[in-house]
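The values are calculated or read from the model by the stated rules, or taken from the named source; none is laboratory data. Just so we're clear, the structure is a prediction, and the values are computed from it rather than from any experiment. A quick note on method: Cβ atoms are made from the backbone with ideal geometry, for glycine too, and the neighbour counts reach across all protein chains shown. Heavy atoms of the whole protein, side chains included, go into the accessibility calculation; ligands, DNA and RNA do not. Shrake-Rupley method; radii C 1.70, N 1.55, O 1.52, S 1.80 Å.
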Amino acid sequence: GRTELIDSLVLVSEIIERNDVRNIKIVDKILKRGLPEGLAEESYKTIWIVIDHATLEKQEQYLPLVYKMATAGYIGLDEYAILYDRVAMGKNSPQRYGSQLVQFGTVDAQKLYVWPIEDGAKVDSLRNTVGMSPFSDYLKDIEEATGITPIYDSSLTIEELNKMRGKE
């Protein structure tokens, strides 16, 4: 029943976490002497995915290298932007590109809020510079994917949002 499902999800989550820890150790070794040249495109994408799934400390450590990978064309600039926003959110700072949302609430009443953005007036032009779709299109895509209407309130502070989600 429900308890077995929850136990299974917890187990899957633990397996994913263990794999993420193992994967970042491998990436640490690969990047010890800097970014290797001449890897296959999939390899650079994999390095980004591993960093994206790593701890905030590792994400922050590798953010400049991910920027270098993006500007060299090894990965998309949008992938750098996603990691940039994720690190900002992890540090309880406003995001730049509007890629991060937080979901909370009860099973029956889930809420999906856009993490506060540095400059909402500039978000579309910033998203455009890294090849991301317009912010309003992104929010429509999120709603289609989740069935939950994302809430973007430009006046909402990080402190207020954290209070709402019980993360004071």
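Of note:
- C-alpha center-to-center spacing [region 54-88, region 98-168] in angstrom: 20
- Within the accessible area of the chain (1.4 Å probe), percent carbon and sulfur: 53
- Length available on full extension from Glu42 to Asp141: 0.36 nm per residue minus the Cα-Cα distance, which gives 33.1 nm.
- With a simple spin-label model that places each label point 7 Å from the Cα along the Cα-to-Cβ direction, the separation between Arg18 and Leu65 comes to 2.5 nm.
- Sorting 89-99, 75-85, 24-34 by average packing, meaning the other beta carbons within 10 Å per residue, from highest down gives 75-85, 89-99, 24-34.
- Computed on region 31-168, with alpha-carbon pairs under 8 angstrom and 6+ residues apart, the relative contact order is 17 percent.
- [x] 0.99; [y] 0.95; [z] 1.27, with the label sought being that of the calculated Rg/Rh (Cα atoms, Kirkwood Rh): [x]
- Computed magnitude of the charge dipole of the chain (debye, nearest 20; Cβ of K, R +1, Cβ of D, E -1): 560
- Our coupling estimate for region 27-40, obtained by passing each phi through the Karplus curve with A = 6.51, B = -1.76, C = 1.60 and θ = phi - 60°, is 4, 3, 5, 4, 9, 3, 9, x, 6, x, 8, x, 7, 5 Hz, Gly and Pro reported as x.
- Length gained when the stretch Gln110-Ile30 is fully extended (0.36 nm per residue, less Cα-Cα span): 24.8 nm
- Residues of region 10-168: accessible area per residue with a 1.4 Å probe, Å²: 60
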